[in-house]
Structure formats: C-alpha cells, structure tokens
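Worksheet: the structure to be examined is printed underneath.
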Amino acid sequence: MPSKRVATDTGLLAVRLVLLAVALAAIAYGVLSGELQVVLAKGVRVCLECIGIA
Amino acid sequence: MFGVHRNRVKRHSRRRLLIQALVACVSNGYVQGFVTGKVFGSPTKAFCIPWLNCYSCPGAVASCPVGSLQTVLGGRSRGVSFYVMGLLVLFGVVLGRLVCGFLCPFGLVQDLLHRIPLPKFELPHKVDRAMRWLKYAVAGLLVVALPVVLRAATGTGAPFFCKFLCPAGTLEGALPLMAANPRLGAQVGGLFWWKVAVLVLVMLLAICVRRPFCKYLCPLGAFYGLFNRVSLYQMRVERSSCASCHSCAGACPMGLDPEREVNGPECIRCGNCKAACPTSAIVAGFELRAREALAKRDSAA
C-alpha cells in the first residue's frame, strides 16, 4: 500500500516537525524568562531532599 | 538462541556497557568533588542532561532534568518549566528511550547488578504489565502534581520524587557526599534511611529482575516512552526476513516481544533484539539510516 505508507510518513514527519518546533520554542522562551538561573541555583547547591536530609 | 547469535548479543552488551560507563564518567567527571564532598559549582549546571543523574552527585557536571522540573514547578512563581520541558521533548523526539538503553547511569547500575550470578526471574505477565503503569503515576503525582499542590509555609513545593523515591539520588548523591563530608552524615534521619531502603530494594530486585526501576518507577522513562513511535531514532522488524523464532524476545531486557512492540513505549532501544536476530530482520537507527538499510536489503533480494 504505497499511498497509505506515504500518507503515514508525511503525517509522522509533520508530527516530528511540530514537536521539534515546540521544543525549541519552549527552550528559547525558558532561557529568555530566566529559568536557567533557577536550574543553576538549584544545581550548584547540595539538594537536601535528594540526599534525604530535608 | 544459536551460539553465534548468543556471542553477538554478548559482544553488543559489552559495547553498550562501555558506552554507558563512558557517559556515566563524563556526566560525573568532577572527580575533586568526591574527595572534598562538595558539589560542582560551574555554570554547566544550568544545562540539564537527558538522563537521570542526580545534580547532588559530587561529580555531576550538569543538572538532572527531573529534579530541575520539580524545582521550577514547586517554585514560588508556580510556573511550568518551559526550558526543562522543551529539553525533554527535544531529547524525546530525537532519541526516545535510546537514552534509557545507552546513556542512563542508573540503567548501567541495574545492568551490572543483573550480571551477578544469582537466580533470575520475571514477575508474572499480568502483574508485570499492571506494574508498568506505576511509572506514569510516579511522573504525574510525585514529579508534577504534589510539588505544585502541596506547599510549605515558605510557599515552595518539595521535589517529591527526589525526596521520597529517587534511588539514583541516594546512590549518586547522598552516599558519596556523606562519605566525604561527615557533617552531612551527622544530620541523617528517618527520611535518609527510607531512601536507603528504597535503593537497597531496587538494587536487590535488579539482581534478579532485569531493569526493575526502568520498567516500573522511572518518570523519565515514562516520558520518553511516549515519543518512541515518533522519534527520529527508530527500530523496525522486517516481516519478510523474520523467522518468528522469538530469539529477540529472549534477549530483551524489558521482557517485550520485539515483533509486536519494537517501538512501543516500553522499548529502551538497547539493540539486544537486533544482535540476537539470526536473520538480521531488525534494523535500527535514525530514520534515514533505517530506510537506507531496508532499501539496500530490498535491492539485494
């Protein structure tokens, strides 16, 4: 069924492109809104929850 | 399984272990931290790596995406973490659960434990399949819902997954930190021992059952699994070459039947099925490569 296969491949390609675009847009928005600092601030300190103290 | 293919699986497993070990060493490459008992304070920690690797591991050079996601969700602003979610979707679309099979250090720990020569078993099929839903509950409840809903007087929510469940945090973060930093060791209480109990249980289970944490509890695996069918990295079973011998099913660490579930949400893309296949009916790779391999085989036939 070549026509069905082509349609499926096109659909899959569209899904991938949309997901990639959404991912890149989200990363850009997150970086611009200062989320990097939040992640960095947590990452450079000992996470007391992770080690079971807090 | 025929001898030659068993050897191929062994060779493939060794190569995979080597890649996993290399990734674990690189993502925890701040060796000095293990001596001083202090976490790495570099700006690289603003980047989230795609696998479960505790940012409180003294050697960690980047941040854990699950911990970072909970931190932003539980922050005072109650915001969705666009940055972390974006990264997770990006990794998911490109790799799917290839991350679990080849890159995750906690996957490596489980694979190594399973090599200990003690009796192996799998849970009954129905119990196993039912328990696989647990990881979605862990992701929804402990990673997303509870950090948002349950908040302390300070207005922040705790990272519930890290706090109550994550065995990677105990193994990579708590134990090395406490070994190198006695001041931290003096502060342990019930929560710490609970986390140690979870770690011991998962590790003991991993000796007998293949990849129990990945199958039943890992929120990151649950998330990446959603992308397996659409990710750029794909696996395919070529029906015309498949002899239905089920050698692939015998080699699968996730207990799947690759004939039916090769790109399903549970497949960690470890490639054992591909190595075990006596007729080379399973192809894997990024989409283009997989298609090229199929086309080459078709033209050769």
Next item on the list: Assign unit charges at the C-beta atoms only (+1 for Lys and Arg, -1 for Asp and Glu), then state the dipole size of the range B:115-201 relative to its Cα centre in Debye, rounded to the nearest 20.
Entry: 140
Next item on the list: Rank these for me by crowding, B:Phe161, B:Phe40, going from fewest to most other beta carbons within 10 Å.
Entry: B:Phe40, B:Phe161
Next item on the list: Compare B:Phe160, B:Phe192, B:Phe213 in a GNM of chain B, Cα atoms joined below 10 Å, and give the one with the largest fluctuation.
Entry: B:Phe192
Checklist line | Helix axis angle, B:190-208 relative to chain B longest principal axis, alpha carbon, degrees | finding: 10
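Based on a Kirkwood Rh over C-alpha pairs, give the Stokes-Einstein translational diffusion coefficient of chain A at 10 °C and viscosity 1.306 mPa s in µm²/s.
Numbers: Rh = 14.6 Å.
Approximately 109 µm²/s, per Stokes-Einstein.
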Note to self: If I model a spin label at B:Asn181 and B:Ala249 as a point 7 Å from the Cα along the Cα→Cβ vector, what separation in nanometres do I get?
What the structure shows: 5.0
Note to self: Using the basic label-point model (7 angstrom from Cα toward the beta carbon), what is the B:Cys208 to A:Val22 distance in nanometres?
What the structure shows: 4.1
Next item on the list: For helix B:3-27, report the angle its Cα long axis makes with the longest principal axis of the Cα atoms of chain B; keep it between 0 and 90° and round to the nearest 10°.
Entry: 30
Next item on the list: Return the average number of partner chain Cβ atoms within 10 angstrom of each residue Cβ along peptide B:88-101.
Entry: 2
Check: Given Cα pairs under 8 Å that are at least 6 residues apart, what percent is the relative contact order of chain B?
Finding: 23
Check: Relative contact order, percent, of the range B:81-162 when contacts are C-alpha pairs under 8 Å separated by at least 6 residues?
Finding: 14
Next item on the list: Note down the nm distance, to one decimal, between modelled labels 7 Å out along Cα→Cβ at B:Ala145 and at B:Phe121.
Entry: 3.2
Note to self: Counting other C-beta atoms within 10 Å, and keeping those with at most 12, which DSSP coil trypsin sites (Lys or Arg not before Pro) do you find in the range B:165-240?
What the structure shows: B:Arg239
Checklist line | Acute angle (nearest 10 degrees) that the helix A:2-32 long axis makes with the longest principal axis of chain A, alpha-carbon atoms | finding: 20
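What does the structure give for B:41-47 when I average, per residue, the other chain Cβ atoms found within 10 Å of the residue Cβ?
Per residue, the average neighbour count from other chains is 5.
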Next item on the list: Towards the positive end of the charge dipole of the protein assembly as shown, with charges on Cβ (+1 Lys, Arg; -1 Asp, Glu), say which of B:Gly41, B:Gly185, B:Leu226 has the farthest Cα.
Entry: B:Leu226
Checklist line | Proximal lysines relative to A:Lys42, as straight alpha-carbon distance under 24 Å, when same-chain residues fewer than 8 apart are discounted | finding: B:Lys38, B:Lys45, B:Lys163, B:Lys195
Check: Which shape class, rounded, prolate or oblate, goes with the range B:79-144 when its Cα gyration tensor gives a ≥ b ≥ c as root eigenvalues, a/c under 1.5 marks rounded, and past that a/b bigger than b/c marks prolate?
Finding: oblate
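Computed from the coordinates by the stated procedures, all read-outs in this text should not be read as laboratory data. What you are looking at is a predicted structure, and each value in this text was computed from that prediction instead of being measured. For neighbour counting, all protein chains shown are included, and Cβ atoms are generated from backbone atoms with ideal geometry for every residue, glycine included.
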